[in-house]
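Everything on this sheet refers to the single structure shown next.
The values are calculated or read from the model by the stated rules, or taken from the named source; none is laboratory data. If you're wondering where the values come from, they're calculated on a predicted model, not measured in any experiment. Here Cβ is always computed from backbone atoms with ideal geometry, including for glycine, and neighbour counts include all displayed protein chains.
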Amino acid sequence: MYMRINGVEVPSASAEWRDVMNPATGEVIDRVPDGTSGDVGVAVESAESAFQKWSEKTTRERGVLLFHAASMVRDDHKHLARLLTMEQGKPLREATDEVRGFCNVLEFYAGLSSQPAGDAVRLGSQGDCMVLHEPLGVCGAIIPWNMPVLIMGWKTAPALLAGNTMVLKPSTTAPLTILSISAILEKAGLPPGVLNIVTGSGGSTGEAIITHPSVQKVSFTGSCATGCRVRELAGSCNKDVVLELGGSDPMIVMDDADVQKAVEGALRGRFYNAGQICTAVKRLFVHQDIAGSFISQLKVRVESFHVGNGLDPQTEMGPLNNLQQYDTLSGIMKSVKENGEGTILTGGSPVKGEGYDNGYFFEPTLVGDVAEDSSLLTGEIFGPILPVVVFHDLDTAISKVNRSPYGLGTSVWTRDLATVKRVFQDVHAGIIWVNRHVTVPPEIPFGGTKESGTGRENGYRALHGYTRTKTLFLGW
Ligand code: TXE
């Protein structure tokens, strides 16, 4: 596939290409241009040229277009979901959910198009003010490979509805569905240059987007280390930035929890998308009074999981997305085994054997008796490994939960309101779920505290994040 700049397919000025692989089979399924800073320059110019006309449309006109685009993407969801599974690895069911999730985001923001675009403020004898929310101009978006389509929606929908134009860089391992969707958005009527997709590496195209003087704001989702670099670069150009940098979300299961429901919550929370979700359950805290039965039920369910190619309808968990992930997780489990950082309850190794040898398959894994300084508890485990910690009182659980440098989400599983209140008040996180985990619908703000990043996506406030106010003060 080609990049999409100014509504057309283009190769890179470098004439270099990058292969895109199916992580289940190791086969090359396509290739995309290896973009350069020069390509970013062309894309930003297109976005600048498109800005005036796009921002002069009414918000309602832009909303109608987003509604229409969502319906065209829905019409093509089977093909898009298949493509997503082939480049990302996730089961077809999850890929379908993700494409539909993208449409939901577009529709949510389109639905906000009738909201007032500003306020009137009366100041008595001093006069009256009109406060307008204006679009920023050209915005940049940098997307990871784990939920590429959904995250594309989180960044593009509010930015475009507010009247901005955009240059977006997908990850090198999952760019294809994003490119296909952007072509559909253009067919739906998005004018050329409003959304430009530049493929390529983070160091070249990513940094060129952040540092380009005409890019007003950058929204980034990815690792903490890269997020720090993005913050540094954006700060040096005095640019607004949203950073969504992952987490190590705890799930706290109290002794009064509905155990069966919580077991299913832990399964979905940890193993959906092979555990490669920023809000996945990455640390499980279980009250000692129910720990025995909870862990044995969870183990039975985990051991029955069908791991395989996402295109196989029986598959419940696909491969990891890329070699870096596979090597990182293999290394973590090697260290856990060699250094006695925990007891492996099930799994713990790459999946080998016929049908698995060329893919990045990893066993769904549970680890008990985890050492407090193990990276399973201190880092972000971006894969299907779940450390289980048994606790005897809520105070201890909360203090362990808050020891993490991350603060994205937390769930508590209980029937007791006082417990909910305590967790809501004392746990450091951007979202607290009660009796569920992971779900992030477009209606609610999403983002974290501490090393999980800054800024919020989703919700009506994210729309304001893509505007700046301009005030007319009428001193009568
Ligand atoms: O992330 P990177 P990687 C975490 C997760 C995972 C780890 C590494 O723990 O194991 O990060 O994944 C672009 N300037 N998350 O290496 O490098 C890059 O091309 C500008 C959590 O894939 O952060 C890609 O498009 N951009 C996370 C995007 O940044 C740069 C989701 C993410 O890549 C860049 C993904 C640079 N210097 C990984 N370097 C979440 N929050 O959910 C890279 N990129």
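Kindly evaluate residue 256 against the criterion of being more than 11 Å from the ligand (Cβ to nearest atom) and over 20 Å from residue 40 (Cα atoms).
Working: more than 11 Å from the ligand (Cβ to nearest atom): yes; over 20 Å from residue 40 (Cα atoms): yes.
The answer is yes for residue 256.
Regarding residue 184, is this residue touching a helix residue (DSSP H, G or I) at 6+ places or on another chain (Cβ under 7 Å), away from the ligand (no atom under 15 Å from the Cβ), at pLDDT 95 or above and not in a loop (DSSP other than H, G, I, E, B)?
On the way: touching a helix residue (DSSP H, G or I) at 6+ places or on another chain (Cβ under 7 Å): yes; away from the ligand (no atom under 15 Å from the Cβ): yes; at pLDDT 95 or above: yes; not in a loop (DSSP other than H, G, I, E, B): yes.
So residue 184 passes the test.
Quick one: in region 187-208, of everything that is near the ligand (Cβ under 7 Å from one of its atoms) and part of a helix (DSSP H, G or I), which residue is farthest from residue 167 (Cα to Cα)?
Looking at residues that are near the ligand (Cβ under 7 Å from one of its atoms) and part of a helix (DSSP H, G or I), I get 203.
Please pick out the residue among 407, 342 that is over 25 Å from residue 300 (Cα atoms), surrounded by 20 or more Cβ atoms within 10 Å (Cβ to Cβ) and small (Gly, Ala, Ser). If you could, list the steps in order and put the result at the bottom.
Details: 342 fails: over 25 Å from residue 300 (Cα atoms).
Of 407, 342, the one residue that is over 25 Å from residue 300 (Cα atoms), surrounded by 20 or more Cβ atoms within 10 Å (Cβ to Cβ) and small (Gly, Ala, Ser) is 407.
Name the residues in region 209-224 that are in contact with a helix residue (DSSP H, G or I) (Cβ under 7 Å, 6 or more places away or on another chain) and near the ligand (Cβ under 9 Å from one of its atoms), would you?
We begin by selecting, within region 209-224, every residue in contact with a helix residue (DSSP H, G or I) (Cβ under 7 Å, 6 or more places away or on another chain); these are 209-212, 214-215, 218-221.
Those that are in contact with a helix residue (DSSP H, G or I) (Cβ under 7 Å, 6 or more places away or on another chain) and near the ligand (Cβ under 9 Å from one of its atoms): 209, 210, 218, 220, 221.
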Subset of region 124-181 [within 16 Å of the ligand (Cβ to nearest atom), among the polar types (S, T, N, Q) and in a helix (DSSP H, G or I)]: 156, 177
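Every residue in region 323-348 that is touching a Gly at 6+ places or on another chain (Cβ under 9 Å) and outside any helix (DSSP H, G or I), please.
So the first thing to find is which residues in region 323-348 are touching a Gly at 6+ places or on another chain (Cβ under 9 Å), and the list is 325-326, 328-329, 332-333, 336-337, 342-345.
342, 343, 344, 345, listed by residue number.
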Filter pass, residue 411 being assigned to a loop (DSSP other than H, G, I, E, B) and out of contact with any Leu (no Cβ under 6 Å at 6 or more places or on another chain): no
Considering residues of region 7-27 that are closer than 16 Å to residue 167 by Cβ and part of a loop (DSSP other than H, G, I, E, B) only, the residue farthest from the chain's Cα centre (by Cα): 13
Residue list for region 423-459, restricted to those being crowded, with 16+ Cβ neighbours inside 10 Å, touching a residue at least 24 places away in the same chain (Cβ under 8 Å) and part of a helix (DSSP H, G or I): 423
Candidate set from region 89-114 (those that are surrounded by fewer than 22 Cβ atoms within 10 Å (Cβ to Cβ) and touching a Leu at 6+ places or on another chain (Cβ under 8 Å)); member that is farthest from residue 156 (Cα to Cα): 92
Selection from region 428-445 of residues that are touching a Gly at 6+ places or on another chain (Cβ under 7 Å) and of a type outside the set (Lys, Arg): 428, 429, 430, 431, 433, 437, 438, 443, 444, 445
So residue 440, is it touching a strand residue (DSSP E or B) at 6+ places or on another chain (Cβ under 7 Å) and modelled with pLDDT under 95: yes
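Just to be sure I understand, how many residues within region 349-382 are in a loop (DSSP other than H, G, I, E, B) and closer than 20 Å to residue 249 by Cα? Before the answer, list the steps.
First pass over region 349-382, keeping only residues in a loop (DSSP other than H, G, I, E, B): 349, 351-361, 363-364, 369-374, 379-382.
Checking which are closer than 20 Å to residue 249 by Cα leaves us with 364, 369-374, 379-382.
Going through region 349-382 one residue at a time, the tally reaches 11.
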So residue 30, is it assigned to a strand (DSSP E or B) and in contact with a helix residue (DSSP H, G or I) (Cβ under 9 Å, 6 or more places away or on another chain): yes
Verdict on residue 210 being within 24 Å of residue 51 (Cα to Cα), crowded, with 22+ Cβ neighbours inside 10 Å and modelled with pLDDT of 95 or more: yes
